[in-house]
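The values are calculated or read from the model by the stated rules, or taken from the named source; none is laboratory data. Note that the structure is predicted; figures quoted are calculated from it, not measured. Neighbour counts run over all protein chains shown; Cβ positions are idealised from the backbone, glycine included.
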Amino acid sequence: MLRRSIGWLVAGLALTAVPALRAGLYDPAPADPTLTSLHKGQDVPYEIFRDALVGAVRAADPAQSGRPPRKTLLDRRTALLSKRLEQLTPNELNELAVIQLRLRDVDAAIETLKRAESQNPRDFWTLTTLGTAYQTRGQLSEAARYLEAAQDFPPAEKWLESMGLSHAWLQKLERAQLKLLRLRQREGQLRPARGQRPSTEVDELFPVKFVGASGHYEPGKIADEEKAKLPPDAIAVVQQLLLWTPEDTRLYWLLGELYNARGDLTSADAIFEECVWSRRYNAEPLREHRLIVKEAIKAQAPPPAPPPEDWKPTTNKLVIVGVVAGLVLLALGYYQARELFRVVFRRRSSTPPSKRG
């Protein structure tokens, strides 16, 4: 489900934890123009995406209350709450709930959404945002129920136009998000004792193995038969899912693998580096892939320029310079003495014998 804005885990949750996946958030506020292509199903350059991801984190950080985007959200919440909740329309209630979720006021968001649901129990926006709220709480079964119900009541074209979305792209994102939720649910049932340990594999959001023709991991490529399994908009899908859940390091790792499969080693390296060090995701395959990609980048780099010749005096250099200078001086002295001798000889030769001493 495509949202223009982002939510993340409750403040204080460690990035190393494996979070429950949340749905996206539809925000009616004007979209970031740098993400226009993403709303149309086309991925954005990694540098632009990274800035948007940082903005998503700041929106949920109470320490950022005096700065946008969090301050903007707080001002919008204040404006909506200036009315009584009973006076808000369903659309206004949904907008308020989206803001509350982005600010991580989950209980207030659910209360707001329940009011909207009582007014229109078949509203797509209300149902999918309730799914978001329950996933944020970790109530995955309840979240799945609302997300599946939302698919039975597709939004009107007028609403899609107001959000700048196409129905086909919206459906693709909804299905990808729900698939990821079910994958996480299944893992939790199969490995209930794993606790907060990070998974050692990327999510199987796409039926692909990230290996080269050799059957092993390779930098900048995957086998042709595996690459054929990837949809052309795979990176765009994962970018949007991450903007909904910017703290999901495992999903971020998947994005890095997609960049590597595309041949974008620089973006893959930046993501792997952040996952391992900034986010402290301790998965052995991730660390191995990081090293493989980093070595490939080093191998592609042009050889370093030779260092400038060091003219700092050394003993050998001083000896050589001294000998050369001595020979030059000796030669000059020789020629000067010879010339002086010639001058004196000429003078004596030109002086009459009577005047010589």
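A few comments on the model shown:
- Yes/no for residue 199 being touching a residue at least 40 places away in the same chain (Cβ under 8 Å), of a type outside the set (A, V, I, L, M) and more than 29 Å from residue 265 (Cβ to Cβ): no
- Residue-level check: of (1) in contact with a helix residue (DSSP H, G or I) (Cβ under 9 Å, 6 or more places away or on another chain); (2) of a type in the set (A, V, I, L, M); (3) at pLDDT 95 or above, residue 101 misses just (3).
- Test for residue 291: is it among the aliphatic types (A, V, I, L, M), in a helix (DSSP H, G or I) and within 30 Å of residue 141 (Cβ to Cβ): no
- Residue check for residue 160: touching a Ser or Thr at 6+ places or on another chain (Cβ under 9 Å) and modelled with pLDDT under 90: no
- Residue 20 meets the conditions (1) within 29 Å of residue 184 (Cβ to Cβ); (2) modelled with pLDDT of 95 or more in every case but one. The failed one is (2).
- Residue in the stretch 258-265 that is more than 20 Å from residue 288 (Cα to Cα), modelled with pLDDT of 95 or more and assigned to a loop (DSSP other than H, G, I, E, B) present: no
- Number of the condition not met by residue 103 [criteria: (1) touching a Leu at 6+ places or on another chain (Cβ under 6 Å); (2) surrounded by 23 or more Cβ atoms within 10 Å (Cβ to Cβ)]: (2)
- Residue check, residue 268 more than 16 Å from residue 203 (Cβ to Cβ) and either part of a helix (DSSP H, G or I) or among the small types (Gly, Ala, Ser) (or both): yes
- One residue from 206, 272, 210 being in contact with a His (Cβ under 9 Å, 6 or more places away or on another chain) and within 28 Å of residue 136 (Cα to Cα): 272
- Residue match in the stretch 219-242 (condition: exposed (fewer than 13 other Cβ atoms within 10 Å of the Cβ) and either touching a Cys at 6+ places or on another chain (Cβ under 8 Å) or part of a helix (DSSP H, G or I) (or both)): yes
- Filtered residues of the stretch 144-177 (kept if closer than 20 Å to residue 113 by Cα and in contact (Cβ under 8 Å) with a residue 40 or more places away in the chain): 144, 147, 150, 163, 174
- Matching residues, the stretch 126-170, being closer than 23 Å to residue 29 by Cβ and of a type in the set (S, T, N, Q): 126, 128, 129, 132, 135, 136, 162, 166
- Residues (under 22 Å from residue 168 (Cα atoms) and surrounded by fewer than 16 Cβ atoms within 10 Å (Cβ to Cβ)) located in the stretch 27-77: 29, 30, 33, 34, 36, 37, 40, 42
- Residue among 92, 86 that alone is at pLDDT 95 or above, surrounded by fewer than 22 Cβ atoms within 10 Å (Cβ to Cβ) and on the phi < 0 side of the Ramachandran plot: 92
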